[in-house]
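Heads up: the structure comes next, in structure tokens.
The values are calculated or read from the model by the stated rules, or taken from the named source; none is laboratory data. In this text the structure is predicted, and so the values were computed from the model without any measurement. Don't worry about glycine lacking a Cβ; one is built from the backbone with ideal geometry, like all the others, and counts go over all protein chains shown. Keep in mind that these areas ignore ligands, DNA and RNA; they rest on the heavy atoms of the full protein, side chains included. Shrake-Rupley method; radii C 1.70, N 1.55, O 1.52, S 1.80 Å.
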Amino acid sequence: MGAAGKDGTQTGTEVDGPGQDTVAQILARQEGIAGWRDELYKDLHRHPELGNQEDRTAAKAAGLLQEFGYEVHQKVGSTGVVGILRNGEGPTVLMRADMDALPVAEDTGLPYASKVTADDAGEEVPVAHACGHDVHVACLLGAARLLAESKSAWTGTFIALFQPAEELADGARRMIEGGLAGMIPKPDVALAQHVLAFPSGHLGTRPGAFLSSADSMRITVFGRGSHGSMPQLSVDPVLLAASIALRLQTVVSREVTPGVFAVLTIGRLSAGTKSNIISDRAVLELNIRTFDNDTRKLVLDAIRRIVSGECSAAGSPKHPDFELYDHYPLTTNDPGVTARVDKAFRSHFGKKATTLDRQSASEDFSEIADSLGIPYTYWGLGGIDPALYAKAEAAGTVSSDIPANHSPHFAPVITPTLQTGTAAIVVAALVWLKPNA
């Protein structure tokens, strides 16, 4: 095994990219597993599970990995699954897929659409794979099977990691705290992918900052309750919250330097129980996305300053409460690793492999790689019907006609999304896994 260089590349033992004969040899088996993988995907899509509740999905992944000959660890953290395929001397590659779904009512009209409901913090909610994590699981299991069935073509170790609760921002942390590092040989590199709303069959990554950091903040502001007919006796928290909501819109437009990325979204504002009761408090829930720590600090400081100022101006009887939660770190792709994977993608996929723009979505995958002290790269995988996307692009209606992740209408097309996603894992892994001469 070669020693890891400072840029995350390996020195001394492996080639700059996967041998095309080796890639072709392994991917020649993909046609033979397509029917199995596609049915697996439909089954996963029909049976989504919320974060840290992925018992069925995890059991299915663990059972298949065992069938393929992997050493399997289950219930890592909460429902995490790790499969290890040791195949002689050589580098170790870790590939991660997230498993959890969202509390969203699916509206796709698909014959395999979800009708599942589940308990979410004491409330019964609809559940759907509205972010495509079922694609990730199916592709990784497909790639795990291909590599297991083609052991004569490569040497090294392949780790298939199925992570819970990415949508809750604690799945990676739970696996780390659950002893992940002691279960696996230290990887030389970590890889991950995510299906996104661009044409199926295409994929791409970029070096450096790729996915934004994210923070959620819950703010409780306090008023003085009263009868709706006696507003003069109250400090109305609804008006206070409304003023805050309007004023917060100036943070990005007037305090962040033009051209610097930042998003501040108020996703929830609630107060009161009845039309003729002035409540004594209101709750706002915010989401903040940034690409650097200085901007993150500026936005968070501005939120606290504005909220505190509005509360003072309204005569609030109590200081506001601020609670930060669901923090996602910045996903920063290692330049050396990304260059090697990008080269392999362009060699195999041709013009369908591109350099993507930075994405405002966020992830906790990097916590796994960082905790293990290894470089990583993360790429995007197209999931939208290419003809539908081209039509919307020509009409200038992509933003309105193409459903994005977390939409109840988000439904990646099976073909060629799963073929491309499975092949991408194999191609990227073989940059490190050594061809067997």
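If you check Thr273 against the conditions, is it surrounded by fewer than 16 Cβ atoms within 10 Å (Cβ to Cβ) and either in contact with a Leu (Cβ under 6 Å, 6 or more places away or on another chain) or under 16 Å from Lys297 (Cα atoms) (or both)?
no
Is the stretch 357-364 home to any residue that is closer than 22 Å to Ile414 by Cβ and either modelled with pLDDT of 95 or more or surrounded by 19 or more Cβ atoms within 10 Å (Cβ to Cβ) (or both)?
No, the conditions are met nowhere in the stretch 357-364.
When residues of the stretch 405-432 are filtered for being in contact with a strand residue (DSSP E or B) (Cβ under 6 Å, 6 or more places away or on another chain) and not in a helix (DSSP H, G or I), how many remain?
2
Can you give me the ranges of the strands (runs of 3 or more DSSP E) entirely in the stretch 167-265 with at least 1 residues that are more than 30 Å from Ala390 (Cβ to Cβ) and modelled with pLDDT of 95 or more?
Answer list for the stretch 167-265: 189-199, 213-222.
Quick check on the stretch 276-291: of everything there that is open to solvent by 60 Å² or more (accessible area, probe 1.4 Å) and among the charged types (D, E, K, R), which residue is nearest to Gln232 (Cα to Cα)?
Across the stretch 276-291, the extreme among qualifying residues is Asp280.
For His47, state whether it is touching a residue at least 12 places away in the same chain (Cβ under 8 Å), in contact with a Lys or Arg (Cβ under 7 Å, 6 or more places away or on another chain) and open to solvent by 10 Å² or more (accessible area, probe 1.4 Å).
Yes, satisfied.
As an exercise: evaluate Glu124 against (1) open to solvent by less than 50 Å² (accessible area, probe 1.4 Å); (2) in a strand (DSSP E or B); (3) under 23 Å from His409 (Cβ atoms) and give the number of the one condition it does not meet.
(1)
Let me confirm something: among Leu388, Leu430, Leu418, which residue is of a type in the set (A, V, I, L, M, F, W, C) and in contact with a Lys or Arg (Cβ under 8 Å, 6 or more places away or on another chain)?
Exactly one residue qualifies, and that residue is Leu418.
Can Ala148 be described as within 23 Å of Leu27 (Cα to Cα), open to solvent by less than 10 Å² (accessible area, probe 1.4 Å) and among the hydrophobic types (A, V, I, L, M, F, W, C)?
no
Return the residues of the stretch 144-166 that are outside any strand (DSSP E or B) and farther than 21 Å from Pro329 by Cβ; say none if nothing qualifies.
Ala144, Arg145, Leu146, Leu147, Ala148, Glu149, Ser150, Lys151, Ser152, Ala153 - these are the residues of the stretch 144-166 that are outside any strand (DSSP E or B) and farther than 21 Å from Pro329 by Cβ.
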